[in-house]
Amino acid sequence: MAILRQGILWLSQQNSIFSFVRSNPLARKFALRFVAGETIEDGVRAAQELAPRGITSSLDLLGESVTRAEEAIAAKTEYLTMLDRMKSAGTIEVNVSVKLTQMGLDIDEALCQRNMREIVARAREHDGFVRLDMESSEYTQRTLDFFTRHLFPEFGAHCGVVIQSALRRSETDIDALIALGARVRLCKGAYLEPPAVAFPDKADVDRNYVRLMEKLLTAGRYPGIATHDEAIIAHARKFVQRHGIASDRFEFQMLYGVRRDLQDELRRLGHGMRVYIPFGTQWYPYLMRRLAERPANIAFIMGNVMKETVRGR
């Protein structure tokens, strides 16, 4: 497994392979199934195509761990333009996802704070929403501190954060965020983490997800249940029915290009559905890093493509 991971990471750094993927029609078609494209227009267009199906979106400009202030400022400017374009489109919600390291967290926290406050303020002007994506566990506490100190007190319902069920600390974090009244997206987490901080077994990650999900559904503020796991989705549906939780108190969330059949089915059943849409020039390294973080994702992606194919999509 370690050798496979190293190989995938090596591939992610090969510009010649990136050039091939971008120029080869078949390779590009497969890759861009999971990434909307390279420009803001591509991202907005993908969101507009989902809207007639009753599916909302959250756009994410790919890129993280920038090393220069100029890069962070340029990313902020792109997000401001993205928010304006989503608003002017008229048919889609203004909703984006942002990584703090893309906004300069590792360079200068004051720079990151200025960038993020400008982004969330613009989103608030458009009655929109900004979600702080969660990165690896070394950033968990820093992200939560940043959110609770610099964003939530002023912007409240216009911002939220992500919690990963793979992390052992997440139940404590969920309890604190529920008490705060903050909006949470719950995901399993794709990062490879040490056993001291994360559950190494998928079964434990799933059990923790269900436990945290039930807390959020019962007492959370419009949580995002981000999963493609049909067993967990079925559990969530039974849980809300049993406890009389209305469908407008939460939403399901999925990744762009994954289980489109299930997305439509959940909408047909009356549930809210939001799709996370990544785009940008860094889509090849993004896809390869996601695979490297957990090589089992290769089987996950291929398995879900096959499920859709069998079901006639």
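The values are calculated or read from the model by the stated rules, or taken from the named source; none is laboratory data. From a predicted model like this one, the values you see are computed outputs, not experimental measurements. No Cβ is skipped: glycine too gets one built from the backbone with ideal geometry, and neighbour counts run over all protein chains shown.
Key figures for this structure:
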{"item": "Residues within region 207-229 that are charged (D, E, K, R) and buried (at least 23 other Cβ atoms within 10 Å of the Cβ), tallied", "result": "0"}
{"item": "Strands (runs of 3 or more DSSP E) wholly inside region 218-280 containing at least 1 residues that are in contact with a Gly (Cβ under 6 Å, 6 or more places away or on another chain) and farther than 18 Å from Val162 by Cα", "result": "273-279"}
{"item": "All positions within region 25-62 that are modelled with pLDDT under 85 and surrounded by 21 or more Cβ atoms within 10 Å (Cβ to Cβ)", "result": "none"}
{"item": "From Ile174, Ile245, residue being more than 21 Å from the chain's Cα centre (by Cα) and surrounded by 13 or more Cβ atoms within 10 Å (Cβ to Cβ)", "result": "Ile245"}
{"item": "Scope region 124-142; condition over 29 Å from Ala89 (Cβ atoms) and either in a helix (DSSP H, G or I) or touching a strand residue (DSSP E or B) at 6+ places or on another chain (Cβ under 6 Å) (or both); matching residues", "result": "Ser137, Glu138, Tyr139, Thr140, Gln141, Arg142"}
{"item": "In region 62-99, the residues that are of a type in the set (Val, Ile, Thr) and either part of a helix (DSSP H, G or I) or in contact with a Gly (Cβ under 9 Å, 6 or more places away or on another chain) (or both)", "result": "Val66, Ile73, Thr77, Thr81, Val94, Val96"}
{"item": "Some residue of region 268-280 being β-branched (Val, Ile, Thr), touching a strand residue (DSSP E or B) at 6+ places or on another chain (Cβ under 7 Å) and modelled with pLDDT of 95 or more", "result": "yes"}
{"item": "Total residues in region 47-75, condition among the hydrophobic types (A, V, I, L, M, F, W, C) and more than 25 Å from Glu109 (Cα to Cα)", "result": "4"}
{"item": "Residue within region 155-176 that is in contact (Cβ under 8 Å) with a residue 60 or more places away in the chain, under 20 Å from Tyr276 (Cβ atoms), in a loop (DSSP other than H, G, I, E, B) and touching a helix residue (DSSP H, G or I) at 6+ places or on another chain (Cβ under 7 Å) present", "result": "no"}
{"item": "Condition check for Glu265: closer than 23 Å to Gly54 by Cα, at pLDDT 95 or above and among the acidic types (Asp, Glu)", "result": "yes"}
